[in-house]
Amino acid sequence: MPQQTRNHRLEEARRVAAAVGTGVLLGLAFGHMAWFIVGTVAVYLVWVVSELLKLHRWLNDPAHATAPVEPPDSFGLWGEIFDGIYRLQKREQAARAELQSIIDRARDSVVALRDGVVIVQGDGTLEWWNPAAERLLGLHWPVDAGQPIANLVRDPRFKQWFEAGDYSQLLEMPSPLRDDLFVQVQVTVFGNGDHLLVARDITRMHQLEQMRRDFVANVSHELKTPLTVVKGYVETLANNKDALPPRFGRALTQMAQQAERMDRLINDLLLLSRLESTQPDSAQASVAIGALLENIRNDVRTAARDKDHTITLRVQDDVRLLGNDMELQSAFSNIIVNAAKYTGQNGEIDIHWWVDDKGAHLAISDNGIGIEPQHLPRLTERFYRTDKGRSVAEGGTGLGLAIVKHVLKRHDASLEIHSEPGKGSTFTCHFPPQRIARR
Ligand code: ADP
């Protein structure tokens, strides 16, 4: 306890003793000691109450709302109480001012951000946003506050994505304000189910991506015609091999093989560009998967005859899928052809099509060379191969699984890959229940 406080306490005790002592002395002098003691103690109490009232008045001074008001004059223990409260008030005011400056700085930095930041309440209504959000999403402060965000950002993709509540994937869409402005939106849920929405301007990235796609599509398209001519001549020459000197035979075979490879590559590139740059058909056909798999199985069996694979097809539930038959044929065929390519002599390949309450599933398993775990996350990237030499030797383009990924995405489906090096691999396509056709 500080020395000063101890002194003030002693002083206060002395004051009480003085009040009682004065009563006793007056009592000794004039008699009626009890009355004199009561009287002097009462005077002391009146002083205490007047100090209390002073304290009460001071604490309730409305001027405190802006800044602590200087305490009234007092002395002794009361003076210390007033000073103590005043010090606490000052300290609290300083702490509040510091907190406010931190909040102001945080808010200023969010306001200055080039990314749009929007706070959306749990019920989907707008609470606060920064100026960039006005520029990117077309919100207007303050008239839009309290409005449901889905009424203002009207893109159907946004409404569906926001209401579905699965924000693991980012959403890319044109800005509601201008078609040539592209935004990427991400949402983080915080607090009591409130949403922090961040919108980034990705117009430049989008344009570059579009340029890349157009470039690949144009190059592939431009190469197609000269290649068809070259292939035609090579075939004609190959058909007349006997009329040519024997040393040209090997060269012609190689030319035919490489032209064939280039043709496959260009076809895969064109298919990929189409899958990337066009919207899926809105009217989906009902595709008979059992029959489709049967055809692919027969084609693969014929193509990989020399490997003597056992290819089993188990169509457990012969349901149809809503989708595009050419695209599904291409995706399934790529997986089944891979199983044959990367499985050695007398290998076993199993194709299994079934339905459960989570949707429809196609699993293609092989007991081939398998894949090291570090490659698995990157397998669906274009031209990613675990062994380029083997892929090329097997006639691979390195684009098969990229095509699979895009086709599945266009059918709301996902790809799961399990593999063990030396034991084999299983590629499973999962289709959601809404993709199952009711015939
Ligand atoms: P590729 O034309 O090279 O087969 P894909 O995109 O179809 O290209 O496949 C990418 C890579 O994934 C392949 O090069 C191969 O390394 C690996 N892969 C795909 N399927 C299998 C499989 N069933 N078993 C082992 N490796 C596989």
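What are the pairs with Cβ atoms under 8 angstrom where one residue, in the stretch 339-350, is closer than 19 Å to residue 372 by Cα and the other, located anywhere, is near the ligand (Cβ under 8 Å from one of its atoms) and among the aromatic types (Phe, Trp, Tyr)? Sequence gap at least six, or different chains.
What qualifies is 339/427.
Looking at the stretch 307-336, which of its residues are touching a residue at least 60 places away in the same chain (Cβ under 8 Å) and charged (D, E, K, R)?
Of everything in the stretch 307-336, those that are touching a residue at least 60 places away in the same chain (Cβ under 8 Å) and charged (D, E, K, R) turn out to be 320, 327.
Has the stretch 62-75 got at least one residue that is modelled with pLDDT under 90 and among the polar types (S, T, N, Q)?
yes
Do the conditions hold for residue 423, that is, is it open to solvent by 70 Å² or more (accessible area, probe 1.4 Å) and modelled with pLDDT of 95 or more?
yes
Kindly check whether there is at least one residue in the stretch 378-398 that is loosely packed, with under 14 Cβ neighbours inside 10 Å, over 22 Å from residue 284 (Cα atoms), within 31 Å of the chain's Cα centre (by Cα) and free of Cβ contacts under 8 Å to residues at least 12 places away in the same chain.
Yes - at least one qualifying residue is present in the stretch 378-398.
Please go through the stretch 382-400 and pick out each residue that is closer than 25 Å to residue 312 by Cα and more than 9 Å from the ligand (Cβ to nearest atom).
Once the filter is applied, which keeps residues that are closer than 25 Å to residue 312 by Cα and more than 9 Å from the ligand (Cβ to nearest atom), the stretch 382-400 yields nothing.
When only residues in the stretch 1-50 that are outside any helix (DSSP H, G or I) and open to solvent by 80 Å² or more (accessible area, probe 1.4 Å) count, which is modelled with the lowest pLDDT?
Of everything passing the filter in the stretch 1-50, 1 is modelled with the lowest pLDDT.
Wholly within the stretch 293-381, which strands (runs of 3 or more DSSP E) include no fewer than the required count, namely at least 3 residues that are closer than 23 Å to residue 395 by Cβ and within 16 Å of the ligand (Cβ to nearest atom)?
Of the strands (runs of 3 or more DSSP E) lying wholly inside the stretch 293-381, those with at least 3 residues that are closer than 23 Å to residue 395 by Cβ and within 16 Å of the ligand (Cβ to nearest atom) span 348-356, 359-366.
The values are calculated or read from the model by the stated rules, or taken from the named source; none is laboratory data. Only a predicted model underlies this, so the values are computations on that prediction, with no experimental measurement involved. Here Cβ is always computed from backbone atoms with ideal geometry, including for glycine, and neighbour counts include all displayed protein chains. Accessible surface is based on the protein model in full, side chains and every heavy atom, while ligands, DNA and RNA are left aside. Shrake-Rupley method; radii C 1.70, N 1.55, O 1.52, S 1.80 Å.
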